[in-house]
Amino acid sequence: MTTKNHSQLDVPQLVLEAHERCQEHLSPTPLEYSRYLSETIEGKVWLKLDSMQRTGSFKFRGALNKILSLTEAELDKGIVSVSTGNYALAVAEAMRIRKRRATIYVAKDIDPSRLAQLRAHGLDLVVYGEAAWDAEKEARRVAENKDMIYVSPYNDPLVVGGQGTCGYEISKQLSDVESVLFACGAGGLLTGSAGWLKSQNPKVEAFGVSPENSPVMYESMRANKIVEMETYPTLADTCAGGVDLDSITLDLCQRYMDEIMLITETEIEASIRLLFEQHRLVVEGSGALSVGGLLRRKEYFKGKKVVAVICGRNIPLELFKRIIA
C-alpha cells in the first residue's frame, strides 16, 4: 500500500490507531538507563530495548499492525512479503495470530544461519535474486500479477504507524527526552516514532544512523529522491539494500529527521561489543547503529537526555562470538 499524498499523512494519528489496534499483542519494551554511556557523553542516556520485542526486533510492531488491519477476504488472497530476516519472523508471528501463513521472499545473500532460523519457523520461503532489492522487486511483481496482498517492510502507512508505537512508548517512559537515535534503513521505525514524539514535543530531535556500506536513505536525502545505487555487505544487514522508488518514507524522513549519519563497520562492531560488555546485551548490527551514532557525535549530545533505540537482537551466533572474542 502506498499513497501519493505522502506529505498529508497524519503520522501521529496512525501511531495512535496502531497502539489501540495492537496493544493486546504488544508488551512495552524496557527503557534502561546506561551509566556507562551517560558518563561517556557527560549526559544522560537510556537504551530503548526493542530487541526485547516479540520475534527479537521492532519489526513485529509494523507487521502486526498491517496484518491485524486486513480483512478475512484480503487474507484469503494470500500474503506476500520480503525480508532480510527480521521482518519475515515478524510477519510469520502476526500471521500466526490470524491463523494464516505468508510467502516470504529472501535473497541469496541472506546469512545461512538466518535462513535456517526462518525455515525452523515453518515459513513458506522463496529464495530469489542476488541481493535484498532483487527479492523485493520480485515479491512485488508476484503479488501484483497474482492479485495477492503485498506487505511491505516499510512502504505502507500502517507499517509506519505500527513502528511508531516504539516512539509512543518512549514518550510515556521519558516524557522530557531531548534526542532519540534510530537505526535507519528505509526509515519506517524512525519516521513513525519521530512523528509521534514530535507531536508531543516539537523540540525533540530525531537522528537516523545508517551503515556506511549501505547509505541508500542517506544519499536519497541528499538527492531529494530515492536513489538506486550499489551497496556492500554490512554487519547491519537488516538496514541494507535498496528502497522502493515510490516509498512514502523519504518524504517522512525529510519531515521528521533532524540528521542522518553514517558509521563504519568498525564502529558497528565496537558498538555490538560495548553493549555486551557494559549491559550484557546481545544485539545485531542494526541494533547497535544508534549507539555507534551516539559515540560518533558524543560532543553534540553532551548534557542532553538521549534515548538510543536498540532495535534487534537476531545476530548469527558465530558472528557474535567472533565480535566479542
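Some observations on this one:
- Set GLY187, GLY195, GLY167: member being buried (at least 24 other Cβ atoms within 10 Å of the Cβ) and at positive phi: GLY187
- Residue in region 217-229 that is in the same structural domain as ASP176 (by TED's automatic domain parsing), within 17 Å of the chain's Cα centre (by Cα) and not basic (Lys, Arg) present: yes
Yes/no matrix, rows are residues, columns are (1) in contact with a strand residue (DSSP E or B) (Cβ under 6 Å, 6 or more places away or on another chain); (2) touching a residue at least 40 places away in the same chain (Cβ under 8 Å):
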residue	(1), (2)
GLN8	no, no
PRO12	no, yes
TYR33	yes, no
TRP46	yes, yes
ASN65	no, yes
VAL82	yes, yes
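- Residue ID - farthest from GLY187 (Cα to Cα), chosen from residues in region 40-82 that are basic (Lys, Arg) and assigned to a strand (DSSP E or B): LYS44
- For TYR87: the one exception among (1) closer than 17 Å to TYR168 by Cα; (2) touching a Pro at 6+ places or on another chain (Cβ under 7 Å); (3) not assigned by TED's automatic domain parsing to the domain that holds TYR256: (1)
- Picking from residues in region 292-319 that are over 16 Å from the mean Cα position of the chain (by Cα) and basic (Lys, Arg), the one that is farthest from PHE60 (Cα to Cα) is LYS302.
- Of the criteria (1) outside the structural domain of LEU174 (by TED's automatic domain parsing); (2) hydrophobic (A, V, I, L, M, F, W, C); (3) surrounded by fewer than 21 Cβ atoms within 10 Å (Cβ to Cβ), which one LEU31 fails: (1)
- Failed criterion for TYR105 (all others in (1) crowded, with 17+ Cβ neighbours inside 10 Å; (2) more than 17 Å from VAL127 (Cα to Cα); (3) without any contact (Cβ under 8 Å) to a residue 40 or more places away in the chain hold): (2)
- Taken together, the residues in region 134-187 that are more than 26 Å from TYR218 (Cα to Cα), in contact (Cβ under 8 Å) with a residue 40 or more places away in the chain and assigned to a helix (DSSP H, G or I) amount to 5.
- Of all residues making up region 31-56, the number that are of a type in the set (S, T, N, Q) and closer than 20 Å to ALA270 by Cα: 4
The values are calculated or read from the model by the stated rules, or taken from the named source; none is laboratory data. Every value quoted in this text rests on a predicted model; they were computed, and no experiment measured them. Methodologically, a virtual Cβ is constructed for each residue, glycine included, from the backbone with ideal geometry; neighbour enumeration extends over all protein chains shown.
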